[in-house]
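Working notes for the structure below.
The values are calculated or read from the model by the stated rules, or taken from the named source; none is laboratory data. Quantities reported herein were computed from a predicted structural model and do not represent experimental measurements. For neighbour counting, all protein chains shown are included, and Cβ atoms are generated from backbone atoms with ideal geometry for every residue, glycine included. These area figures cover heavy atoms from the full protein model, side chains too; ligands, DNA and RNA do not enter into them. Shrake-Rupley method; radii C 1.70, N 1.55, O 1.52, S 1.80 Å.
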Amino acid sequence: MKQSTRRTMTRVISITMAVLMVIGMAWTGISALSTSGSSAEILYPPLLRYEDSFYMLTSEQTEASDGEAQELQARVIGDQQTLPTENGTCNFGSGTMVFRLEEDGQMLCQDNDGNWLICEKLVSDGEE
(Lines give C-alpha, C1' and ligand atoms only; values in the text may rest on other atoms or scores of the structure.)
Protein backbone atom coordinates (compact mmCIF):
# COMPACT_ATOMS: atom_id res chain seq x y z
CA MET A 1 0.00 0.00 0.00
CA LYS A 2 1.30 3.44 -0.89
CA GLN A 3 2.30 5.88 1.80
CA SER A 4 -0.28 8.47 0.65
CA THR A 5 -3.11 5.92 0.73
CA ARG A 6 -2.10 4.86 4.23
CA ARG A 7 -2.10 8.50 5.42
CA THR A 8 -5.51 9.11 3.87
CA MET A 9 -7.00 6.02 5.55
CA THR A 10 -5.48 7.03 8.88
CA ARG A 11 -7.02 10.51 8.58
CA VAL A 12 -10.45 9.12 7.64
CA ILE A 13 -10.39 6.67 10.55
CA SER A 14 -9.22 9.39 12.97
CA ILE A 15 -11.93 11.82 11.85
CA THR A 16 -14.58 9.07 12.08
CA MET A 17 -13.47 8.19 15.63
CA ALA A 18 -13.52 11.86 16.67
CA VAL A 19 -17.04 12.32 15.26
CA LEU A 20 -18.26 9.18 17.08
CA MET A 21 -16.78 10.43 20.36
CA VAL A 22 -18.50 13.83 19.96
CA ILE A 23 -21.82 12.13 19.18
CA GLY A 24 -21.42 9.88 22.23
CA MET A 25 -20.70 12.83 24.53
CA ALA A 26 -23.67 14.76 23.14
CA TRP A 27 -25.96 11.77 23.60
CA THR A 28 -24.79 11.29 27.19
CA GLY A 29 -25.36 14.96 28.00
CA ILE A 30 -28.81 15.06 26.44
CA SER A 31 -29.96 11.88 28.17
CA ALA A 32 -28.63 13.12 31.53
CA LEU A 33 -30.47 16.41 31.18
CA SER A 34 -33.71 14.79 30.10
CA THR A 35 -33.80 12.30 32.99
CA SER A 36 -32.54 14.55 35.79
CA GLY A 37 -35.50 16.90 35.80
CA SER A 38 -38.29 14.37 35.51
CA SER A 39 -37.17 11.53 37.75
CA ALA A 40 -36.36 13.35 40.96
CA GLU A 41 -37.39 10.73 43.51
CA ILE A 42 -38.29 11.46 47.09
CA LEU A 43 -37.07 8.83 49.50
CA TYR A 44 -38.59 8.82 52.96
CA PRO A 45 -36.98 7.08 55.92
CA PRO A 46 -38.56 3.76 56.98
CA LEU A 47 -41.70 4.94 58.80
CA LEU A 48 -44.61 3.48 60.75
CA ARG A 49 -47.79 5.53 61.22
CA TYR A 50 -49.61 4.70 64.45
CA GLU A 51 -52.22 6.86 66.23
CA ASP A 52 -51.45 9.80 63.93
CA SER A 53 -47.75 9.75 64.88
CA PHE A 54 -44.77 8.67 62.82
CA TYR A 55 -42.15 6.28 64.15
CA MET A 56 -38.86 6.03 62.25
CA LEU A 57 -37.07 2.69 62.18
CA THR A 58 -33.47 2.79 63.42
CA SER A 59 -30.85 0.09 63.04
CA GLU A 60 -30.39 -0.05 66.82
CA GLN A 61 -31.22 -3.49 68.25
CA THR A 62 -32.71 -4.01 71.69
CA GLU A 63 -34.38 -6.71 73.76
CA ALA A 64 -38.14 -6.68 74.22
CA SER A 65 -39.14 -6.29 77.86
CA ASP A 66 -40.90 -8.99 79.83
CA GLY A 67 -43.54 -6.49 80.98
CA GLU A 68 -46.84 -5.53 79.45
CA ALA A 69 -46.69 -4.56 75.82
CA GLN A 70 -49.16 -4.06 73.03
CA GLU A 71 -48.38 -6.09 69.91
CA LEU A 72 -49.30 -4.39 66.66
CA GLN A 73 -49.32 -5.37 63.03
CA ALA A 74 -48.85 -2.80 60.30
CA ARG A 75 -49.71 -3.28 56.65
CA VAL A 76 -46.88 -2.45 54.24
CA ILE A 77 -48.17 0.08 51.70
CA GLY A 78 -45.14 0.40 49.46
CA ASP A 79 -41.49 1.27 49.50
CA GLN A 80 -39.66 4.31 50.84
CA GLN A 81 -40.96 6.46 48.00
CA THR A 82 -44.36 6.26 49.73
CA LEU A 83 -45.34 8.12 52.88
CA PRO A 84 -47.70 6.12 55.12
CA THR A 85 -50.85 8.23 55.43
CA GLU A 86 -53.13 5.80 57.29
CA ASN A 87 -52.75 4.56 60.85
CA GLY A 88 -51.44 1.00 61.00
CA THR A 89 -49.33 1.27 57.84
CA CYS A 90 -45.60 1.40 57.16
CA ASN A 91 -43.34 1.97 54.12
CA PHE A 92 -40.82 -0.83 54.65
CA GLY A 93 -40.77 -4.61 54.78
CA SER A 94 -43.21 -6.86 52.98
CA GLY A 95 -46.77 -7.94 53.68
CA THR A 96 -47.32 -7.25 57.37
CA MET A 97 -44.74 -6.05 59.88
CA VAL A 98 -44.87 -6.83 63.63
CA PHE A 99 -44.42 -3.97 66.10
CA ARG A 100 -44.49 -3.82 69.86
CA LEU A 101 -45.46 -0.78 71.93
CA GLU A 102 -43.74 -1.10 75.29
CA GLU A 103 -45.16 0.17 78.60
CA ASP A 104 -42.75 3.11 78.55
CA GLY A 105 -44.02 4.21 75.12
CA GLN A 106 -41.06 2.86 73.17
CA MET A 107 -41.98 1.35 69.79
CA LEU A 108 -40.10 -1.74 68.59
CA CYS A 109 -40.14 -3.50 65.23
CA GLN A 110 -39.40 -7.17 64.71
CA ASP A 111 -37.20 -7.96 61.71
CA ASN A 112 -37.24 -11.19 59.69
CA ASP A 113 -34.64 -12.76 62.02
CA GLY A 114 -36.77 -12.14 65.13
CA ASN A 115 -34.60 -9.27 66.40
CA TRP A 116 -36.25 -6.17 67.84
CA LEU A 117 -35.25 -2.79 66.41
CA ILE A 118 -36.01 0.56 68.02
CA CYS A 119 -38.41 2.97 66.28
CA GLU A 120 -38.00 6.59 67.33
CA LYS A 121 -41.12 8.73 67.55
CA LEU A 122 -40.89 11.79 65.33
CA VAL A 123 -42.16 14.93 67.00
CA SER A 124 -42.87 18.31 65.50
CA ASP A 125 -41.34 21.50 66.91
CA GLY A 126 -44.39 22.36 69.06
CA GLU A 127 -44.87 18.79 70.30
CA GLU A 128 -43.08 17.12 73.20
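Computed on the Cα atoms alone, the convex hull of the chain gives a volume of 204 cubic angstrom per residue. Against the longest principal axis of the chain, how steep is helix 3-38, in degrees 0 to 90 to the nearest 10, with axes from Cα atoms? For helix 3-38, the angle is close to 20 degrees. Gyration tensor over the Cα atoms of the range 61-128: the corresponding equivalent ellipsoid has semi-axes (square roots of 5 times the eigenvalues, largest first) of 20, 18, 10 Å. Applied to the range 103-118, the Karplus parametrisation 6.51 cos²θ - 1.76 cosθ + 1.60 on θ = phi - 60° returns per-residue 3J(HN,Hα) values of 4, 7, x, 6, 9, 10, 10, 8, 7, 5, 8, x, 7, 9, 10, 7 Hz, with x for Gly and Pro. When the GluC sites (Glu not before Pro) in the range 1-85 are filtered for DSSP coil states and for at most 16 other beta-carbon atoms within 10 Å of their beta-carbon, the remaining sites are Glu41, Glu51, Glu63, Glu68. For the chain, with all protein chains present and a 1.4 Å probe, just round the carbon and sulfur fraction of the accessible area to a whole percent. Answer for the chain: carbon and sulfur cover 53 percent of the accessible area. The chymotrypsin sites (Phe, Trp or Tyr not before Pro) of the range 1-82 include none that meets both conditions, a loop assignment by DSSP and at most 16 other Cβ atoms within 10 Å of the site Cβ. Think of the chain as having a plus end and a minus end, set by charges on the Cβ of Lys, Arg, Asp and Glu; of Gly114, Thr8, Pro84, Thr8 sits farthest toward the positive end of this dipole. Measuring nothing but how far apart in sequence close Cα pairs (under 8 Å, 6+ apart) lie, relative to its length, the range 13-128 scores a relative contact order of 25 percent. Backbone phi angles across the range 82-97, fed through the Karplus curve with coefficients 6.51, -1.76 and 1.60 (θ = phi - 60°), yield HN-Hα couplings of 10, 9, x, 9, 10, 4, x, 10, 9, 10, 8, x, 8, x, 10, 9 Hz in residue order; Gly and Pro are listed as x. Placing +1 on the Cβ of every Lys and Arg and -1 on the Cβ of every Asp and Glu, with nothing else charged, gives the chain a dipole about its Cα centre of roughly 2540 debye. Placing +1 on the Cβ of every Lys and Arg and -1 on the Cβ of every Asp and Glu, with nothing else charged, gives the range 46-105 a dipole about its Cα centre of roughly 440 debye.
Ignoring ligands, DNA and RNA, what accessible area per residue does the chain give at 1.4 Å, in Å²?
Details: 9260 Å² over 128 residues.
Value returned for the chain: 72 Å² of accessible area per residue.
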